[in-house]
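Peer 1: Starting off with a structure, shown below.
The values are calculated or read from the model by the stated rules, or taken from the named source; none is laboratory data. Bear in mind that the values here come from a model prediction, so they are computed numbers and not experimental data. So basically every Cβ, Gly included, is an ideal-geometry build from the backbone, and we count neighbours across all protein chains shown.
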């Protein structure tokens with residue numbers, strides 16, 4: 001619900017939105033009426049088909065997307081209540097999600113506010129950083145930048161091992177890298193390397209120090225492109241170990257869209273721009289040919305040989321597809337690339353926007369039933 005609200009609000013606010021006029025207020029009001037937790041600023045995880053609570057876990061990831069979605073909604077509609085709800089959510093995170101952890105934020109709480117034991121992750125913090133950066137962009141509120149500062153500090157001091165260029169997925173209670181219990185290996189995901197590149201660059205821009213993390217971003221991009229990309233078939237592996245060896249060879253869609261925007265963002269920074277452009281051309285061709293369907297569908301997961309691995313389409317994926325495409329488009333427009341470079345990506349972007357339009361129309365019909 002929150003990812004879709006953010007996506008619809010962003011799309012409706014575009015100058016070329018045309019006849020796309022989603023009922024954003026109805027969607028916003030539904031979230032308020034359905035997912036509110038036990039006190040202001042707290043939100044339950046899910047409801048059933050009758051809008052009754054199904055999972056009442058208070059999840060950090062969910063709360064991050066409340067802020068992200070409400071800031072997008074507020075920017076497009078001007079609804080002041082969204083700012084109040086987002087501020088209340090940030091305060092609730094600050095007040096409640098520090099319980100039971102040495103640093104950073106707890107992954108989840110029960111309705112009474114008790115810390116639920118869970119393997120700690122950088123990902124929930126990463127999305128809270130994303131939400132705070134955008135909320136600050138919309139409202140220019142120092143409270144969001146204070147949390148953003150803290151999370152970037154956690155990234156530099158705990159999540160990211162600069163010596164080994166390693167971003168572990170899982171951590172101990174004191175935020176040391178933790179091996180996956182079943183596979184007994186530290187797990188890394190190229191897709192999250194790409195997301196952190198994007199966020200570090202956005203954070204640096206917000207702090208008026210645009211080049212502050214370029215060295216880290218270049219190292220992370222090189223690792224993700226070198227180890228994450230399948231040299232035989234193409235595509236981005238789902239999981240690797242700390243040495244860059246493949247652990248899970250399937251290829252989900254979202255790391256691909258994150259890879260597109262990270263590579264586009266770094267085009268003016270990497271040493272070999274021609275090689276970077278060639279890599280992006282390979283990415284856009286594979287994206288068009290293997291992930292995006294003419295009928296308005298997408299393939300969520302591929303096997304290593306690029307055959308479909310599943311036949312379902314999660315509702316969380318359009319967020320990655322939409323924002324990945326739109327942000328890549330904005331980057332390419334801003335850098336004034338040559339016509340020969342623009343041609344391939346523009347075809348993919350046009351085709352993908354048609355897909356997104358179909359997805360949003362169909363989803364809106366379902367929401368209005």
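Peer 1: For residue 177, only one of the following conditions fails: (1) touching a helix residue (DSSP H, G or I) at 6+ places or on another chain (Cβ under 8 Å); (2) modelled with pLDDT of 95 or more. What is its number?
Peer 2: (1)
Peer 1: Scan the range 247-273 for residues that are within 19 Å of residue 303 (Cα to Cα) and without any contact (Cβ under 8 Å) to a residue 12 or more places away in the chain and jot them down.
Peer 2: Within the range 247-273, just 248 meets the criteria.
Peer 1: Out of all the residues in the range 352-369, is one or more at pLDDT below 90, touching a strand residue (DSSP E or B) at 6+ places or on another chain (Cβ under 7 Å), assigned to a helix (DSSP H, G or I) and surrounded by 17 or more Cβ atoms within 10 Å (Cβ to Cβ)?
Peer 2: yes
Peer 1: Every residue in the range 89-110 that is over 22 Å from residue 69 (Cβ atoms) and surrounded by fewer than 20 Cβ atoms within 10 Å (Cβ to Cβ), please.
Peer 2: Listed by number, the residues that qualify are 98, 99, 100, 101, 102, 103, 110.
Peer 1: Which residues, taken from the range 115-138, are modelled with pLDDT of 95 or more and surrounded by fewer than 17 Cβ atoms within 10 Å (Cβ to Cβ)?
Peer 2: The answer is 137, and nothing else.
Peer 1: Which of the residues spanning the range 15-52 are more than 14 Å from residue 79 (Cβ to Cβ) and loosely packed, with under 12 Cβ neighbours inside 10 Å?
Peer 2: 15, 16, 18, 19, 21, 33, 48, 49, 50, 51, 52
For (1) out of contact with any strand residue (DSSP E or B) (no Cβ under 7 Å at 6 or more places or on another chain); (2) assigned to a helix (DSSP H, G or I); (3) within 26 Å of residue 327 (Cα to Cα), each residue gets a yes or a no:
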residue: 84; (1), (2), (3): yes, yes, no
residue: 88; (1), (2), (3): yes, yes, no
residue: 92; (1), (2), (3): yes, yes, no
residue: 102; (1), (2), (3): yes, no, no
residue: 125; (1), (2), (3): yes, yes, yes
residue: 131; (1), (2), (3): yes, yes, yes
residue: 147; (1), (2), (3): yes, yes, yes
residue: 151; (1), (2), (3): yes, yes, yes
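Peer 1: Within the range 32-64, take every residue that is in contact with a strand residue (DSSP E or B) (Cβ under 9 Å, 6 or more places away or on another chain) and in a helix (DSSP H, G or I) and give me the one that is nearest to residue 138 (Cα to Cα).
Peer 2: If we take residues in the range 32-64 being in contact with a strand residue (DSSP E or B) (Cβ under 9 Å, 6 or more places away or on another chain) and in a helix (DSSP H, G or I), then 63 is nearest to residue 138 (Cα to Cα).
Peer 1: Can you tell me which residues in the range 38-69 are in contact (Cβ under 8 Å) with a residue 12 or more places away in the chain and more than 24 Å from the chain's Cα centre (by Cα)?
Peer 2: Across the range 38-69, the qualifying residues are 38, 39, 40, 51.
Peer 1: Here's another thing I want to ask about it. Got a number for residues in the range 161-173 being touching a strand residue (DSSP E or B) at 6+ places or on another chain (Cβ under 9 Å) and surrounded by fewer than 21 Cβ atoms within 10 Å (Cβ to Cβ)?
Peer 2: The total comes to 7.
Peer 1: Residue check, residue 224 against (1) more than 22 Å from residue 289 (Cβ to Cβ); (2) in a helix (DSSP H, G or I), all met but one. Which one?
Peer 2: (1) is the only condition that residue 224 fails.
Peer 1: For the range 180-228, which positions are surrounded by fewer than 15 Cβ atoms within 10 Å (Cβ to Cβ) and more than 20 Å from residue 271 (Cα to Cα)?
Peer 2: Those that are surrounded by fewer than 15 Cβ atoms within 10 Å (Cβ to Cβ) and more than 20 Å from residue 271 (Cα to Cα): 181, 182, 183, 184, 205, 207, 208, 209.
Peer 1: Of all the residues that make up the range 244-279, how many are in a helix (DSSP H, G or I) and farther than 28 Å from residue 181 by Cα?
Peer 2: The qualifying residues number 14.
Peer 1: Additional query: Any residue in the range 184-196 that is on the phi < 0 side of the Ramachandran plot and assigned to a loop (DSSP other than H, G, I, E, B) sitting within a Cβ distance under 6 Å of a residue that is surrounded by 24 or more Cβ atoms within 10 Å (Cβ to Cβ) and modelled with pLDDT of 95 or more? List the pairs, counting only those 6 or more apart or interchain.
Peer 2: 186/168
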